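As structure tokens, the structure follows; a few thoughts come after it.
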There are 2 protein chains.
Amino acid sequence: MLSGGDVAAKREEIRAYFHATLDRYEQLFEMLHGDEAYFRKPISLRHPLIFYLGHTATFFANKLLLAGLITERINPRLESMFAVGVDEMSWDDLNTAHYDWPSVDEVRIYRNTIRSTVDRLISEVPLTLPIGWDNPWWTILMGIEHERIHLETSSVLIRQHALEYVKPHPAWEPCRKSGPAPQNQLIHVPAGVVSLGKSKADPVYGWDNEYGRHIAEVAAFQAGKYLVSNQEFLAFVEANGYGMESCWEEEGRAWQRHTCAGYPTFWIRHGSEWRLRLMTEEIPMPWDWPVEVNYHEAKAFCNWKAAATGQPFRLPTEDEWYRLYDVAGLSEIPHTEPAAANIHLDYSASSHPVNEFPQGEFYDVAGNVWQWTETPIYPFEGFDIHPHYDDFTTPTFDGRHNLMKGGSWISCGNESLKSARYAFRRHFFQHTGFRYVVADAPAVQQDSHYETDKLLSEYAEFHYGDEYFGVPNFPKALAELAIAAMGDKPAHKALDLGCASGRATFELARHFDDVTGIDFSARFIGQGVQLAGQGVLRYTLTDEGDLVFYKERTLTGLGLDAVKHKVRFYQGDACNLKTLFSGFDLILAANLIDRLYDPAKLLSTIHTRLNLGGLLMIASPYTWLEEHTKKEAWIGGFKRDGESFSTLDGLKEILGNHFKLIQGPQEVPFVIRETRRKFQHTLSEMTMWERIA
Amino acid sequence: MLSGGDVAAKREEIRAYFHATLDRYEQLFEMLHGDEAYFRKPISLRHPLIFYLGHTATFFANKLLLAGLITERINPRLESMFAVGVDEMSWDDLNTAHYDWPSVDEVRIYRNTIRSTVDRLISEVPLTLPIGWDNPWWTILMGIEHERIHLETSSVLIRQHALEYVKPHPAWEPCRKSGPAPQNQLIHVPAGVVSLGKSKADPVYGWDNEYGRHIAEVAAFQAGKYLVSNQEFLAFVEANGYGMESCWEEEGRAWQRHTCAGYPTFWIRHGSEWRLRLMTEEIPMPWDWPVEVNYHEAKAFCNWKAAATGQPFRLPTEDEWYRLYDVAGLSEIPHTEPAAANIHLDYSASSHPVNEFPQGEFYDVAGNVWQWTETPIYPFEGFDIHPHYDDFTTPTFDGRHNLMKGGSWISCGNESLKSARYAFRRHFFQHTGFRYVVADAPAVQQDSHYETDKLLSEYAEFHYGDEYFGVPNFPKALAELAIAAMGDKPAHKALDLGCASGRATFELARHFDDVTGIDFSARFIGQGVQLAGQGVLRYTLTDEGDLVFYKERTLTGLGLDAVKHKVRFYQGDACNLKTLFSGFDLILAANLIDRLYDPAKLLSTIHTRLNLGGLLMIASPYTWLEEHTKKEAWIGGFKRDGESFSTLDGLKEILGNHFKLIQGPQEVPFVIRETRRKFQHTLSEMTMWERIA
């Protein structure tokens, strides 16, 4: 879709895909019965369907504006109403008094205006191939794929709507096949390496979270041959699984208690009979179809099964799903012909039996229903945010959104791809079930955390981010000064005391065999630990007001990957260090002394930790503040015996017995970025001391 | 003393002056009776005299170190004890447990070591003439003059010591003349101009506060022919003046209540007889000698006399004392021959009658006792601090230290000069009395205030001080951008809204006829008002820790003196401006909008204050903070309708109906200095808007 040689043909290909997408989406709403169906909320915490009818059109308007393809709003009033509100909201946000929805006709007319606007753009906007992220056409494709997503999510809302508001539709006929469920069984999956993430040169449109790279070794495990069927899940329901506290994770338990759920949300109990809600009808329970549950229910089932069998049942990780995909011999399913999978509406508007679509030794690795994984969505290394949709993924990097894989019967376009990475809150319902695995290895969680604490984010940028006002990276500059001063002195052990986020610790490891970083704050050293362990640090930066952007730094990108085994981080109090921290050839104390409660205590004993001839490097702006250091403990910056007594005077006095000042004082500048336009710009006075006694 | 052509002779002149000074000072202590006299405190809140014996020697050591004339302390233990403590202290500071004074002999030996050290330096230190501030010899003279000051202040302590601790001394014989006091009378002093302050080229040593320039027109007044005598003051005592609340200023009343004083401190009542305490004896009251009182007593006397006579009695100002000096036809009294005044110990070790030393139509304009003025000491324009004694004067610029003029019988060296400016707390006692004046004009108080509030000091420097990191002065740069953008548009009225300390207000007045500066903070506009009114702004800057230095900026130095009549400052709320503020050709809003509680209210109505075709210039780093602006009132810096909505977007939306964006956005940087090494470095986004409707 992104590449090709014939521009005119590409325009027509995209135009066709655009109209087909909108047609299919609008057709979905033909299942609604009467206007009220648009305005009654299917579930209490989400907007009524009228919103979703307008929303995908407004999304085009918003993104076309950002891309500069249009310069004015199409309909400011509607676009203000339809812009946000896709996610679950709190009660207040959804108070109906706040909304004066337009009529269905008005929204249809609005949709047509958008449709013709985009159609005109497809004819007129200059097109160069391939279409990359920066190409305005990317934004057109973004709008199309966005509508494809809502095709599926709106189909779930329709399935959650009261039956009186929906009606059968010939284009949305469900599967009529059903029978007894097959006996599930575990199949061995050998260990192997999986490779995830696409490159920006990939010829198929993707969302930001799909780009970058993640390679992992997956240990051997066993996986269910079939998705868990309604039949298989019934045993859990009948065993009172929903009431067995021990089966549920804490978050799942809270959900279960809140909802009082006793069985899957689309199951209906009529006396002793079980039925299943589809989009427009209820049918006798198709026991051989995959059960549809949220993550909590799937996880509780696994825990129940593990307890019952003594085997480590759980859900697969994202990596394990890729391993299944590989061993099943699958490859990307083209949308040009019917798939060997229940996907992109090639068969029915519903699930099919779990034993209908074999893929290698398994069934339904892709298609039928989405499959929950154990993996909260996280950014691949090299993750980047598309500037025209900067909050598509990043808000989900919170450890609370788990990935689903495989796609469902209604997944089209990007959704149907192997590379698709959709993540939902763990209590959400989609057309989603699960396959269990039995694995000795725990589910490896990739860190998805973006540091958003203001101070920690600022320090991440200070240590690992960009330079501002042409001021070189400060911890790096200090480390370079230290290494230069070392000359050919022994360089076994270095100590970065008050290491904060740890950049100098890493930089010193370019020269020293063994570098210890110590900071009072576990939160700061956490950044160094994370870089050493995971190789990546992610954080937000404030733009202006509440607007932020997202940043990632890797040890590899910083050229520090080769030294990470030489650094160790510890939490510690510089004024009360354990005796084991000694025998150093260099001690660096950067921006430390004016933050200690008793700087003299450190300085008067620090020679005991340094080898004779070793160097002590102190850098400080001498910003004495009572909140950190009581005035009695300042080592300078006051009048003594009637004369000004500077911190440098204090350093000379305290260190004089054991040290010789061999370099400095010299000012080393640093800049800490607070917002796009606001910075702290400080001069740290560096002095280099050689231990002589 | 500072100039000359013969270096060898100058060495000997200074050597002689040095030894004479030390000799005289040590001779003062010969009046003490027994060792205990050194260790008992004459008054409770000051050190015993042993301290003062050591202190003047330690002062030499400290200042010689600073000047680099010696490189090591002479006696660290004694120098730590003798360095500080000249001023009144609180009870805790003086707790005797803190002091383990050395013996008198030890201090004498220490003094001799210092004496021989300085003597050697006088022989050896290279000498170039004249001796300027930067010359190390200045510091030697500083030590000598410092000892001359303590000659007088220690003589006061001796006078306050119990009689058992003092004994007569042939070199310190008091005056034995006394008789009935003359009847005082008022003499007319015509109006005239006085010129105060010396230049750094002056050939006589001076303290920092004497340099600079102050020229004033003094209105006509009347002045007492004589200093107020003990006799004249007795009427006030006998009228129960000390108990008459209405006579006392508030601060004086508090002092009187605290001390329960009923008559002057050196007066002694024996039944119905009054006697007077001199340094080593009590004598029958010499009624024709000048009364010695503190400022409060002198002021109360004047107030009493004013109430009794209906005439505006008060103390003279410093300017008025200079006027008296001029009309009395006085000129600097050389110390080489006996003066026509009771000064520099030329006659006795005490006062003389008030009618003994005529000077023009007056008596004792100089000499006999110091004379209190109404004037709290303040810095002359061009005041500068000597780096080797940076706290000689500046701590007294607090409005609580009043100047004394004229010198006393013991004032030698610098103290005896017309240019000398000594100021004491108003409740202190020295050998000090007063002359009253009758003047219609109120006593003009010169501003002695150094802005020490951290924020205000930082803003003073931000607007009027130095540039850092090569970043040009921000309000000046904005004014220049504004003036350039005005081209040949009408330039009558400009408004600097959120003017803070007012620099842009002044800068705009280079181009506009009439510039109004408005700020919410009266404290900020106070700086602009002060510059416009007094032409000078003084503030401290933090060096490191508690160390500060002092800075002064004048309108003349900034090249803005010629425009000061075109600026006016008002306190006002930008969100609720009076309607009279309108009809402007330019409105500048610099670093304002993100500090308002309702920026939209200002922006949506600001066109009504601007002439059609006029310019609105907005500069802001868009640092939105909830403490200033509730989130609901931010005009940008958030997500709106799902998309990032910047402050610039908000400005365009709000201003769009009446303005055209004609320049910018462009970043204008600014730097705010916090300490010697710590700065805020910020980019303010400037946009220029022309009113079109």
_Ordering of A:139-146, A:63-70 by burial proxy (mean other Cβ atoms within 10 Å per residue, highest first)_ = A:139-146, A:63-70
*Computed on alpha carbon atoms, what radius of gyration and Dmax characterise region A:338-384, expressed in Å?*
14.1, 39
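If the only charges are +1 at each Lys and Arg Cβ and -1 at each Asp and Glu Cβ, what is the size of the charge dipole of region A:454-691 around the Cα centre, to the nearest 20 debye? Spell out each step's value before the answer.
On the way: 28 positive and 31 negative charges, 91 e Å.
So the magnitude is around 440 debye.
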*Of A:Thr317, A:His344, A:Ala307, farthest towards positive along the dipole that unit charges on Lys, Arg, Asp, Glu beta carbons give region A:247-401*: A:Ala307
*Descending semi-axes in Å of region B:454-691, equivalent ellipsoid built from Cα gyration tensor*: 28, 22, 16
*Position B:Leu580, label points 7 Å along Cα→Cβ, spacing to each other copy in nm (shortest first, one decimal)*: 7.6
*Using all C-alpha to C-alpha distances in chain B, build P(r) with 10 Å bins and read off the rounded percent in each one.*
3, 13, 20, 20, 16, 12, 9, 5, 1, 0
*B:Leu186 label points, 7 Å along Cα→Cβ, one per copy: pairwise distances from this copy to the rest in nm, shortest first?*
11.4
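Give me the percent of DSSP beta bridges within chain B that run antiparallel, rounded to the nearest 5.
Details: 60 of 84 bridges.
Around 70 percent of the beta bridges assigned by DSSP in chain B are antiparallel ones.
Around B:Ile518, with a cut-off of 12 angstrom between Cβ atoms, what is the net charge of the other residues, counting Lys and Arg +1 and Asp and Glu -1?
Values: positive: B:Arg568, B:Lys578, B:Arg609; negative: B:Asp496, B:Asp519, B:Asp573.
Cβ neighbours under 12 Å give a net charge of 0.
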*Specify which residue in the list B:Val7, B:Gly68, B:His150 is farthest towards the positive end of the charge dipole of region B:7-171, using unit charges on the beta carbon of Lys, Arg (+1) and Asp, Glu (-1), about the Cα centre.*
B:Val7
*Taking the Cα atoms only, what angle lies between the long axis of helix A:104-124 and the longest principal axis of chain A, rounded to 10 degrees?*
70 degrees
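I'd like the antiparallel share, as a percent to the nearest 5, of DSSP beta bridges with both residues in the protein assembly as shown.
Values: 125 of 173 bridges.
Percentage antiparallel, nearest 5: 70.
Compare the peptides A:255-266, A:292-303 by average per-residue count of other Cβ atoms within 10 angstrom and give them in order, highest first. Could the numbers behind the result be given before it?
Values: A:255-266: 15.8, A:292-303: 25.5.
Going by the mean number of other Cβ atoms within 10 Å, highest first, we get A:292-303, A:255-266.
Rounded to the nearest 0.05, what FRET efficiency do B:Ser3 and A:Glu124 give with R0 = 60 Å and r taken as the Cβ-Cβ distance? Could you check? Don't jump to the answer; show the numbers that get you there.
On the way: r = 88 Å, r/R0 = 1.47.
For R0 = 60 Å, the calculated efficiency reads 0.10.
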*From other protein chains only, count the Cβ atoms within 10 Å of every residue's Cβ in A:627-635, then give the mean.*
1
_Cβ-based net charge around A:Thr336, under 13 Å, with every Lys or Arg adding one and every Asp or Glu removing one_ = -4
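Over all residues in A:54-64, what is the mean tally of Cβ atoms on other chains that come within 10 Å of each residue's Cβ? Intermediate results must be reported in sequence, preceding the final value.
On the way: counts 0, 1, 0, 0, 2, 1, 0, 1, 3, 2, 0.
Partner-chain Cβ atoms within 10 Å, mean over residues of A:54-64: 1.
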*Angle between the Cα long axis of helix B:295-309 and the longest principal axis of chain B, 0 to 90 degrees, nearest 10?*
90 degrees
*Over 19 Å between Cα atoms, which of A:Lys476/A:Lys630; A:Lys299/A:Lys405; B:Lys454/B:Lys678 qualify?*
A:Lys476/A:Lys630
_Given a Förster distance of 41 Å, report the FRET efficiency between A:Val193 and B:Lys454 from their Cβ-Cβ distance, rounded to the nearest 0.05._
0.10
*Could you state the per residue volume, in Å³, of the convex hull enclosing the Cα atoms of region A:7-171?*
114 Å³
*If the label for B:Gly656 sits 7 angstrom from Cα along the Cα-to-Cβ line, what are its distances to the same label in every other copy, in nm to one decimal, shortest first?*
7.0
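How shielded is A:540-549 by partner chains, expressed as the average number of their Cβ atoms within 10 Å of its Cβ atoms?
Working: counts 0, 0, 3, 4, 15, 18, 9, 10, 1, 1.
Whole-number average of other-chain Cβ neighbours for A:540-549 is 6.
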*Leading residue at positive end of dipole, region A:7-171 (Cβ point charges), from A:Pro136, A:Ile50, A:Ser123*: A:Ser123
*Would you kindly calculate the translational diffusion coefficient of the protein assembly as shown, applying Stokes-Einstein with the Kirkwood radius from alpha carbon pairs, for 37 °C and a viscosity of 0.692 mPa s, and quote it in µm² s⁻¹ without decimals?*
84 µm²/s
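Report the semi-axes of the equivalent ellipsoid for region B:465-603 in whole Å, largest first, where each axis is √(5λ) for an eigenvalue λ of the Cα gyration tensor.
On the way: eigenvalues 127, 69, 44 Å².
Semi-axes, largest first: 25, 19, 15 Å.
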*So how strong a dipole does the protein assembly as shown carry about its Cα centre when Lys and Arg Cβ are +1 and Asp and Glu Cβ are -1, to the nearest 20 debye?*
280 debye
_Neighbourhood charge, 13 Å Cβ-Cβ cut-off, centred on B:Phe383 and excluding it, Lys, Arg +1 and Asp, Glu -1_ = 0
*How much mean residue ellipticity at 222 nm does chain B get from its helices, if each DSSP H run of length 4 or more adds -39500 (n - 2.57) and you divide by all residues, to the nearest 500 deg cm²/dmol?*
-9000 deg cm²/dmol
_Backbone N under 20 Å from the B:Ala239 label point (7 Å along Cα→Cβ), restricted to region B:400-443_ = B:433-440
*Of all chain B residues, the one whose C-beta is nearest the axis that brings B onto A, in angstrom*: B:His681, 2
*Pop the C-beta distance of A:Asp391 and B:Glu627 into the FRET formula with R0 = 35 Å and round what comes out to the nearest 0.05.*
0.85
*With +1 on each Lys and Arg Cβ and -1 on each Asp and Glu Cβ, and nothing else charged, work out how big the dipole of region B:581-672 is about its Cα centre, in Debye to the nearest 20.*
180 debye
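Every number in this text was worked out from the coordinates using simple rules, so none of it is lab data. This one's a predicted model, so the numbers in the text were calculated from it and none came from an experiment. Positions of Cβ are backbone-derived with ideal geometry, glycine not excepted, and every protein chain shown enters the neighbour counts.
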